[in-house]
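Notes for the one structure printed next.
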């Protein structure tokens, strides 16, 4: 797909980033097709003369070379070098598709991650280090889980089950308690069926499997933007399914408007891009909206009408703030007398956010589509959850009394933390969008930018990262159209670190120079 | 690639199975392009006349239809049905690539697995059920691990680390002890570098990542056969890299002969198939050969000469029988004054076999290729190991005194079990190839077959599965050219079950009718 095409397709500022991305890809591919560099041959006395003649002759010969003899898979320069000097360990080229995965470099995700791993804040060991607000973790209630674990003691593992191979799609025992748990998290008004679940090592492979199963390379999903930056990695990298942002603006509180959805769908379809589905997160990441029945019903009507899939990421279901209720797409599907074709609907869930155990890698695909479930069960061999972890989670989720207390207390702590962060930021002149759920604030630093451009946003982001010591997620990496918004994940740090962060914010805001 | 081409390429009996596989794939794809079935329209009085006219007219119209209006992505019949009756939940088609994954049906792997899950042997609950010899598990030393776990007690997990996101490629602490552990398992004569490791959820995703990174779809690896049936699933399903068997026969004790390797490579290259590497397992699965220095050096010379990769699956490194020493490819690379380009060499390892904890999903990619490691680190997000499991394994492997005892005792038990199984089978007229390592015997039932054909082998295999109650792996599913060989995984059952199995074998062999 040409860059011009994408420019036309998107017809706005988002095209620039997509074009950037594609340019990088094409650069990698074209550099793999370069002829052997001529430097080295050009040294010595006749360097200048040779320097003029050789490129011309080479170019002439290359032009004459019949197309059918051109290699299908162009070899990069270093292979040639290897032939000259076997003793030097010159690394052979990797596949073009793997090259494309590693060529996506220097995004804020990597830069921020690198800075955090090299210079993370520690009150004793590295008090000037960078404070983590860039990763959506929930560390607010780990003490409760740790206490539960210590009581649970050595009843840990049954190696007769955990040692051997089991159904890669997950232990029946865990699916069974998960169905009950998810049912209660999702409002307690629906009943889930364990046989409609496939467990994967985190929600990331669930997303990858859905992309692989619902679309061919080059086909696309529509995603209301700003959207979670990780979707790009999960869906585009290996499955090569495109994500088309459907822009939502601050004017509508970042809510999706049916008109924009419809017009984006039509524009893409006219351009020949096959849209296979709409992907949303609810509660939405990064803006923190919780979708109500009307919004969900509207999305369902749209996708059913177009006969495309609706993928709903409900991984923050139990992270809605105290005063807001969560509505699962399951509940809308269960509406009496509704005639939805449920096989177009797929839910992404996991224990990473609601329980704060991202490292455990427990993801859930919940679907009504038999072939999707079959394909996912087979592909689960590539991303199975450790049985040791599954047994642990089964015990944990089976303790309904504890889980009930945990979910209540966890929501209370999330809400309290959210309110505190918003209030403190307000004091120093930073507003944020009203959030209803999730582990983040969507803060507005537009007034701090020298001018409303992506470049200025990146400049500010880097200043906050390297100079102020605060790691946030810049809005443009979430495909936000309005420069100056940032995601601040507030559940990653303890109260003391939070106070240090506020002081840093305050100091920065006093002159706002970056 | 046409079926004829593959017939030519392979030029022997293996082509049939490859052709079967490809036919299935093409059937799936072509069925997706069918026009709406005409039955239903053909009922009633004028059925016969319409039945003649409609297909002719339709065919004529389809022929006339300009090519550019033909859909790029043909829709299957059920989409049309859905338009007629919205209320019926007709499931929309999944992507062609996912369809291809689920279309690979009814292989012995699935049939056997299904029978085991529905009718597995239990001395009390299901004494006539089927006994598991088809899955390569090691349950011989789980008691030792369970005992270690019980002592370890509630020092289990540090949720501050395990709860949050960590480097998807694995915890540094685990990589560090794994390097030491793998070094000792691999003969204690080499030193491994933790930074050259990427951990994945089992060895399966390690293989997938290597396939994705070293080859484009349609390119191939050569694999000495018979080979582990799972390689097909791990490498072909999603990465679409082909595996070309390099046949080894019983005449040479199933050892790879350099001539056959060379001639297969040349034949494939002549036909335009890009060979990207050679994949071997050492100790070899299913035949149980342990490769010596000479064999490894020869393989290394071949792959370095051709500038292709050498992928060595060393997952059974610590399962060599007592009297045999294991030699890792690392050791050959470390030979003084050798000038190997190590970036062409990649090791697959994991804790599933040597520790008997397949369910824990701990796989290891060890490579000298920086870009492969970088690509793998990124793709590890799709298949990360649970941090809870990583912490557990770190503690386990750090207990060097226990591990040393475990590895010694485990090898002793494997060797003892192997000898017992071979001796008992001998008594009733079943020979097996001399094995040096692994958790399996490669048993010879050629004399039992009515005729030396794949069909007869499958007939015997099904008889053993359904009538005798023994689940083995048929040799042809490992691409063995000589019908009548079976893999028997001997470390999955306890002594009592083993005795029941011998009685069943004995009864069957008394008349050998199937």
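Examine region A:353-361 for a residue that is more than 10 Å from chain B (Cβ to nearest Cβ) and more than 17 Å from residue A:212 (Cβ to Cβ), and state whether such a residue exists. Even if it seems obvious, please write down each step before you answer.
Start the filter on region A:353-361 by keeping residues that are more than 10 Å from chain B (Cβ to nearest Cβ), which leaves A:353-354.
In the following step, the residues that additionally are more than 17 Å from residue A:212 (Cβ to Cβ) were identified as A:353-354.
There is at least one residue in region A:353-361 that is more than 10 Å from chain B (Cβ to nearest Cβ) and more than 17 Å from residue A:212 (Cβ to Cβ).
Of the residues that sit in region B:224-240 and are within 11 Å of chain A (Cβ to nearest Cβ) and surrounded by fewer than 23 Cβ atoms within 10 Å (Cβ to Cβ), which one is nearest to residue A:102 (Cα to Cα)?
Once the filter is applied, the top-ranked residue is B:240.
Report whether or not residue B:407 is in a helix (DSSP H, G or I), closer than 24 Å to residue B:167 by Cβ, more than 9 Å from chain A (Cβ to nearest Cβ) and in contact (Cβ under 8 Å) with a residue 40 or more places away in the chain.
For residue B:407, the condition - in a helix (DSSP H, G or I), closer than 24 Å to residue B:167 by Cβ, more than 9 Å from chain A (Cβ to nearest Cβ) and in contact (Cβ under 8 Å) with a residue 40 or more places away in the chain - is not met.
Looking at this structure, is residue A:365 touching a helix residue (DSSP H, G or I) at 6+ places or on another chain (Cβ under 8 Å), touching a residue at least 12 places away in the same chain (Cβ under 8 Å) and over 25 Å from residue B:170 (Cβ atoms)?
Here the answer is no, as residue A:365 does not meet what is asked.
Quick one: in region B:331-350, of everything that is surrounded by 20 or more Cβ atoms within 10 Å (Cβ to Cβ) and within 17 Å of residue B:437 (Cβ to Cβ), which residue is nearest to the other protein chains (Cβ to nearest Cβ)?
Result: B:350.
Residue by residue through region A:362-384, note down the ones that are in contact with a strand residue (DSSP E or B) (Cβ under 8 Å, 6 or more places away or on another chain) and facing chain B (nearest Cβ under 7 Å).
Scanning region A:362-384 gives A:369, A:372, A:383, A:384.
If a residue counts only when it is crowded, with 17+ Cβ neighbours inside 10 Å, in contact with a helix residue (DSSP H, G or I) (Cβ under 6 Å, 6 or more places away or on another chain) and modelled with pLDDT of 90 or more, which helices (runs of 4 or more DSSP H) contained entirely in region A:126-223 have at least 3 such residues?
In region A:126-223, the matching helices (runs of 4 or more DSSP H) lie at A:172-185, A:203-214.
Select from region B:385-395 the residues that are facing another protein chain (nearest Cβ under 7 Å) and over 22 Å from the mean Cα position of the chain (by Cα) and list them in ascending order. Reasoning before the result, please.
Going through region B:385-395, the residues facing another protein chain (nearest Cβ under 7 Å) turn out to be B:385-389, B:392.
Result: B:386, B:387, B:388, B:389, B:392.
I'm checking my understanding of the structure. Among residues of region A:468-480 that are touching a helix residue (DSSP H, G or I) at 6+ places or on another chain (Cβ under 6 Å) and part of a helix (DSSP H, G or I), which one is surrounded by the most Cβ atoms within 10 Å (Cβ to Cβ)?
Among those residues, the one meeting the criterion is A:476.
If residue A:442 satisfies all but one of (1) crowded, with 17+ Cβ neighbours inside 10 Å; (2) touching a helix residue (DSSP H, G or I) at 6+ places or on another chain (Cβ under 7 Å); (3) under 23 Å from residue A:130 (Cβ atoms), what's the number of the condition it fails?
(2)
The rows are residues; the columns are (1) over 23 Å from the mean Cα position of the chain (by Cα); (2) more than 14 Å from chain A (Cβ to nearest Cβ); (3) part of a loop (DSSP other than H, G, I, E, B).
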| position | (1), (2), (3) |
| --- | --- |
| B:423 | yes, yes, no |
| B:450 | yes, yes, yes |
| B:457 | no, yes, no |
| B:460 | no, yes, no |
| B:466 | yes, yes, no |
| B:506 | yes, yes, no |
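Right, residue A:269: out of contact with any helix residue (DSSP H, G or I) (no Cβ under 8 Å at 6 or more places or on another chain) and either more than 25 Å from residue A:362 (Cα to Cα) or more than 10 Å from chain B (Cβ to nearest Cβ) (or both) or not?
Taking the combined requirement at face value, the residue satisfies it.
So for region A:241-248 (the condition being within 12 Å of chain B (Cβ to nearest Cβ) and over 15 Å from residue A:285 (Cα atoms)), does at least one residue qualify?
Among the residues of region A:241-248, at least one is within 12 Å of chain B (Cβ to nearest Cβ) and over 15 Å from residue A:285 (Cα atoms), which makes the answer yes.
For region B:285-307, enumerate the residues that are under 15 Å from residue B:343 (Cβ atoms) and without any contact (Cβ under 8 Å) to a residue 40 or more places away in the chain.
B:307
How many residues are over 23 Å from the mean Cα position of the chain (by Cα), facing another protein chain (nearest Cβ under 9 Å) and farther than 11 Å from residue B:159 by Cα if we restrict to region A:129-147?
Result for region A:129-147: 0.
Can you name the number of the only condition in (1) over 28 Å from residue A:201 (Cβ atoms); (2) surrounded by fewer than 24 Cβ atoms within 10 Å (Cβ to Cβ) that residue A:308 fails?
(1)
Could you check how many residues of region B:243-276 are closer than 25 Å to residue B:207 by Cβ and part of a helix (DSSP H, G or I)?
Within region B:243-276, residues that are closer than 25 Å to residue B:207 by Cβ and part of a helix (DSSP H, G or I) number 9.
The values are calculated or read from the model by the stated rules, or taken from the named source; none is laboratory data. Everything numeric here is computed off the predicted structure, so don't read it as measured data. With ideal geometry, Cβ positions are generated from the backbone for all residues, glycine too; neighbour counts draw on all protein chains shown.
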